[in-house]
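Reading through the structure tokens given below for one structure.
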Amino acid sequence: MRRHRLRHPAGNGTRFVVKSNNTLSGATAASQLIAVQSGYAARGITLGQAALCGARDFAEWVHYPAHDCTDPDTGCEFYYHAHDRGEMLAEEHGHFHVFQRHTGKPDRFFHVIGISLDFRGLPINLFTTNAWVTGESMAPAPKVAKAARQFCVRARGRMAPIARWLTALLAIYAAEIAELAHQRDHKLNRLGHSGRTRKDILQDRRVRVLSQRRIHLLAHLNSYCSPQGELAS
């Protein structure tokens, strides 16, 4: 297992429990996202480093935090990790996986979106995955879109800014996430035309990413600014 040495100190172990809040407006989400990114930049660390919860080593395939960040009441969940270098974008540091668990059946969940970060801690790619990648019970695109719009979590301790950042990011990219979910479903339907069963397709290890889209956060944030460069209310 390859490990990447980090330069920031390790922190104390913390139990991360999150609680949901109401959906943010676009301008509020943009302001919240900028505040989190700026806060980390002022401390000389990236968002990707912060997502490691104080760990000195970044081990491939390990979840950060160790037991994910989960809301037991509403089912919102996320974690950060990395794959082997050959399975990621050249400029990718790692990525978040965002999920929605079924509140009545906590062992069942579906993947909402994956979010790749570069080595500067900026989001560069949104993607959806085949079911086998995360072990999800795949939900149809409209349900995924709704989960993205409503995703909003709070956390205590060192994961609190990460939770605010993810909440804000999903709010301002909700439309793009919905489109990616529809593209995912269309691709699955096309693959089904080969005569294979849906179950076989969802477990096909040759099919990992079903849809993806490069994003440019700074340019996207400009759409929420007034001509004077201030965030519109």
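The values are calculated or read from the model by the stated rules, or taken from the named source; none is laboratory data. These numbers were taken from a predicted model, which means no experiment stands behind them. Cβ sites come from the backbone with ideal geometry, for glycine too, and all protein chains shown count toward neighbours. Note: areas computed on protein heavy atoms with side chains; ligands, DNA, RNA excluded. Shrake-Rupley method; radii C 1.70, N 1.55, O 1.52, S 1.80 Å.
Below, the figures for the structure above:
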{"read-out": "Members of region 123-170 found to be charged (D, E, K, R) and over 25 Å from Leu47 (Cα atoms), listed by number", "value": "Glu136, Lys143, Lys146"}
{"read-out": "Residue pairs meeting the criteria (Cβ under 9 Å; at least 6 apart or on separate chains; first open to solvent by less than 30 Å² (accessible area, probe 1.4 Å), in region 200-212; second among the basic types (Lys, Arg) and not in a loop (DSSP other than H, G, I, E, B))", "value": "Val207/Lys187; Leu210/Arg184; Leu210/Lys187; Ser211/Arg184; Ser211/Lys187"}
{"read-out": "Filtered residues of region 173-189 (kept if touching a residue at least 40 places away in the same chain (Cβ under 8 Å) and open to solvent by 10 Å² or more (accessible area, probe 1.4 Å))", "value": "Glu176, His182, Gln183, Asp185"}
{"read-out": "Residues located in region 164-189, provided they are among the charged types (D, E, K, R) and modelled with pLDDT under 95", "value": "Arg164"}
{"read-out": "Residue ID - farthest from the chain's Cα centre (by Cα), chosen from residues in region 172-212 that are within 16 Å of Gly114 (Cα to Cα) and assigned to a loop (DSSP other than H, G, I, E, B)", "value": "Val207"}
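Residue-wise test of (1) modelled with pLDDT under 90; (2) under 25 Å from Lys146 (Cα atoms); (3) in contact with a helix residue (DSSP H, G or I) (Cβ under 9 Å, 6 or more places away or on another chain).
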residue	(1), (2), (3)
Ile34	no, yes, yes
Ser38	no, no, no
Ile45	no, no, no
Arg56	yes, no, no
Glu60	yes, no, yes
Asp71	yes, yes, no
His83	yes, no, no
Gly86	yes, no, no
